[in-house]
Amino acid sequence: MEMGCNPIVRNSGINFSIPICPRHRSFTFSLSPHPIQILAPTVLVHQPQLLVSSPSLSPLIPKTSYSTSSITSDSSVKALRLLLESPGIHQGPACFDALSAKLIQQAGFRFCFTSGFSVSAARLGLPDVGLISYGEMVDQGSLITQAVSIPVIGDGDNGYGNAMNVKRTVKGFIKAGFAGIILEDQVAPKACGHTQGRKVVSRDEAVMKIKAAIDARKESGSDIVIVARTDSRQAVSLEEALWRSRAFADAGADVLFIDALASREEMKAFCEVSPFVPKMANMLEGGGKTPILNPVELEELGFKIISYPLSLIGVSIWAMEDALAAIKGGRVPPPGSLPSFDEIKETLGFNKYYEEEKKYMVNNSQSSTGYSSPTYAARISRGGYEQKSTKAEEQIIDLLPPVVYDNINTNSSRDRMSWIWSRTLRIKITGKDGLQKLDVRIPAGFLEGMSRIIPGLAGVNIMEMLEDAPIDADGSPQSGKILLDFNDAVGDRIQVLVE
């Protein structure tokens, strides 16, 4: 077993996980006599059945750039139910808008969640304390489900009221295109289950809400997956949470979920309840009450699906803060921290759109004025204007926008510039009062990391500056050369020199 595989002998088979670079689309290896193709960053292979799991620990969905919900809601429900019935454990990151959902699909995951916490943050800029409404969640969900073809499990909070409100919520989520809905037993106003002060409704009311959800599903002629969640572990006790989970299963819930379980032992006890009903694990990143376990560990405990509620919204917050610090310092984020314009267009589906658009283009040459009036003239992105034809029979040409950012080949740049990164830089900061605040020497390669300590350096492209600097006879940048000399937003003078 090479490549860092850790074999685990279980029954007659062998399980092992293999880390794969996310940039690698696939590779094939053979467990004689049948080859297996691996399509995921982390794979769990079960023998002798030879089942393959991926980030959803199952085969990846082909990458798509442009979609208008190519399958119906009923098809999404069927896909989700097939996923729940398939072997292995399945990961579902949580999205908060159409773009984040599209990125999840493009990354190869077979389903995703919506996070009420993240939707409240992105749509309202407010905490998840019951301020976002049913209408806002349905509207956001409709945009999300239209952007992707993978099944989406929506966060239905506590149903926004009593059992009758729950029925309306379920029907609204069905119309919005959700394949599943999570319903919890918190009192209003509800909040994130890992925050303080959680309270739940009575046992009878909690069970009756799940029954109402199932009735709403039948009345709609849908088969939407009902995920029954209880927050009673933190509000009351583990025993209460286990009792409610059994009652939800008896009422007909499709998936069971206890939020904020506090230990591996509690998670195991939960998975032993109603063993034939799938269990959901919530890996709240960054310091929640539940231990963060990897998919293999969660599958061994008995879980079927995993939610990662904060990963995308969390990294987005930091990325935007870094970009804003760079802009405030008079620069733009360095190329390595954001995709090129062409990459952004590819992600959003511009190229797919242009290809599809060509099927419907017409030449309106027979106009009353006697000259050509094409539907679309040549596009010129950078100039922001249109170039129109004046010849009656001139063929329409659709030009793609020019490249705004050069493609960056990280590996070749690293090889070519490695000698520059070995140079030492001196950073001097002088306050408005003339007093020296900082005078340090650091390797050039660490300058970008200094931007978190010195905001004025955010966005500095040190590689480009060193490459453009005058060189000595040995081909290295001249010692004493000043690369930067400016006043930052607070008036401090920042100087960067080559040593």
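Below, the figures for the structure above:
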{"quantity": "Cut-off under 5 Å, modelled amide H: who pairs with residue 437 long-range", "calculated": "429, 430, 431"}
{"quantity": "In order through the range 224-229: 3J(HN,Hα) via Karplus (6.51 cos²θ - 1.76 cosθ + 1.60), integer Hz, x for Gly, Pro", "calculated": "3, 7, 9, 9, 8, 10"}
{"quantity": "Most to least packed among 258-267, 78-87 [average Cβ atoms within 10 Å]", "calculated": "258-267, 78-87"}
{"quantity": "For residue 468, solvent-accessible area (1.4 Å; no DNA, RNA or ligand), Å²", "calculated": "110 Å²"}
{"quantity": "Contour excess over end-to-end distance, with Cα ends at residue 131 and residue 441 and 0.36 nm allotted per residue", "calculated": "106.6 nm"}
{"quantity": "Hz values of 3J(HN,Hα) by residue in the range 149-161 - Karplus curve (6.51, -1.76, 1.60), Gly and Pro given as x", "calculated": "10, 7, x, 10, 9, x, 8, x, 6, 9, x, 6, x"}
{"quantity": "Subset of 167/304; 437/481; 167/352 violating a 31 Å alpha-carbon distance limit", "calculated": "167/352"}
{"quantity": "Shape of the range 71-139, Cα gyration tensor, a/c cut at 1.5", "calculated": "prolate"}
{"quantity": "Per-residue SASA entry for residue 99, accessible area with 1.4 Å probe, Å² rounded to 10", "calculated": "80 Å²"}
{"quantity": "Built amide H within the under 5 Å cut-off of residue 148, gap 5+", "calculated": "69"}
{"quantity": "Accessible-area value, residue 243, 1.4 Å probe, nucleic acids and ligands omitted, Å²", "calculated": "100 Å²"}
{"quantity": "Computed label-point distance, nm, for sites residue 432 and residue 354 using a 7 Å Cα→Cβ extension", "calculated": "4.8 nm"}
{"quantity": "Total formal charge among the other residues, if their Cβ is under 12 angstrom from that of residue 118, Lys/Arg +1 and Asp/Glu -1", "calculated": "-3"}
{"quantity": "Global form of the range 112-258, assessed from the alpha-carbon gyration tensor, a/c cut-off 1.5", "calculated": "oblate"}
{"quantity": "Sequence-distant residues sharing a close amide H with residue 288 (under 5 Å, placed H)", "calculated": "none"}
{"quantity": "Shape call, the range 245-323: gyration tensor on alpha carbons, a/c limit 1.5", "calculated": "prolate"}
{"quantity": "Distance violations [Cα-Cα > 24 Å] among 78/279; 102/328; 78/171; 211/289; 102/190; 102/175", "calculated": "102/328; 211/289; 102/190"}
{"quantity": "Aspartates and glutamates whose Cα lies under 12 Å from that of residue 358, excluding same-chain neighbours fewer than 8 positions away", "calculated": "398"}
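The values are calculated or read from the model by the stated rules, or taken from the named source; none is laboratory data. The structure displayed is predicted, hence computed values, not measured ones. Glycine also receives a Cβ, built like all others from the backbone with ideal geometry; neighbour counts cover every protein chain displayed. Please note that ligands, DNA and RNA were not included when accessible areas were found on the heavy atoms of the full protein model with its side chains. Shrake-Rupley method; radii C 1.70, N 1.55, O 1.52, S 1.80 Å.
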